[in-house]
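FYI, it's all coordinate maths here, none of it is from the lab. Model, not experiment: these values are computed from the prediction. In this analysis, Cβ positions are derived from the backbone assuming ideal geometry, glycine residues included, and neighbour counts consider all displayed protein chains.
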Amino acid sequence: MCSNWVLATGAKTTFSIRPATREDLKAVMGIYNWAVNQTFATIDSEPLGTEEAAAWWEAHEKRSKLIVSTDEGGVNGWARLFPWNQRGFDIVEDLVYVDPVHHGRGIGRALLAELITEARGLGYRTIVASIATDNRAGLELHSKLGFEVVGTIRDAAHKFDRWMDITLVQLALEGRG
């Protein structure tokens, strides 16, 4: 998998999507840790340290797909597809994070579209995402690609001195039957 995306947003913006490598880990964690410290995009309230990031990488290699978006400046976004539950459900969950400098370029949409294609290719029936209800951009992104809200978990996490809700969204990759 390696996709080139050219988007017209006033001027041409080109970026590529490819499988992540261990060399991308520092950039991936930089983007993630910014989201931890500045946004409700994740319920995590503490940035990942170097050892935690290495353990996270090892876990991702065994159980999930991790892709990155890159341009001439390096990694500008990443997305992960991983099993939602270890008990044999045919469901995967997605995560999508984009460097704030690159918001609005269509990178998140391209990454999520690539994960959807990947999940279909792997034979999964459903993708879910647990999105902080305050994360309007994340909810809008998923909605635009066909995800439906299936529920809300009230007061699911405490961050930035307040309780936050989590909205669960779902995309059926195959018809029900």
Task: Residue order, fewest to most beta carbons within 10 Å, for 58, 93, 72 - done: 72, 58, 93
Open item on the list: Taking every alpha carbon pair in the stretch 45-140, what does the distance histogram look like in 10 angstrom bins from 0, in percent?
Closed with: 14, 43, 38, 6, 0
Task: Ellipticity estimate at 222 nm from DSSP helix runs (n ≥ 4, -39,500 (n - 2.57)) divided over the chain, nearest 500 - done: -9500 deg cm²/dmol
Task: Size of electric dipole in the chain: Cβ of Lys, Arg +1 and of Asp, Glu -1, about Cα centre, debye, nearest 20 - done: 480 debye
Task: Gain upon complete extension [residue 155, residue 122; 0.36 nm per residue less C-alpha separation] - done: 8.5 nm
Open item on the list: Show log10 I(q)/I(0) for the chain at q = 0.13, 0.18, 0.19 Å⁻¹, two decimals, from a solvent-free Debye sum over equal Cα scatterers.
Closed with: -0.66, -1.32, -1.46
TODO: Run the numbers on the chain and let me know its relative contact order in percent, using alpha-carbon pairs under 8 Å that are six or more apart.
DONE: 18 percent
- [ ] Name the long-range amide H neighbours of residue 156: under 5 Å, sequence gap of 5 or more, or other chain; modelled H, no Pro or chain starts.
- [x] 164, 165, 166
Task: Those trypsin sites (Lys or Arg not before Pro) in the stretch 80-128 that DSSP places in a loop and that have at most 12 other beta carbons within 10 Å - done: 87
- [ ] Output ³J(HN,Hα) for the stretch 27-44: one whole-Hz value per residue in order, computed from phi by the Karplus curve 6.51 cos²θ - 1.76 cosθ + 1.60 with θ = phi - 60°, and x for Gly and Pro.
- [x] 5, 4, 5, x, 5, 5, 5, 4, 4, 4, 7, 10, 9, 9, 5, 9, 7, 4
- [ ] May I ask you to sort 75, 149 by Cβ crowding, counting other Cβ atoms within 10 Å and putting the fewest first?
- [x] 149, 75
TODO: List 111, 48 from most exposed to least, where exposure is judged by having the fewest other Cβ atoms within 10 Å.
DONE: 48, 111
Open item on the list: Taking 37 °C and 0.692 mPa s as the conditions, I'd like the Stokes-Einstein D for the stretch 13-53 in µm²/s, using the Kirkwood hydrodynamic radius from alpha carbon pairs.
Closed with: 285 µm²/s
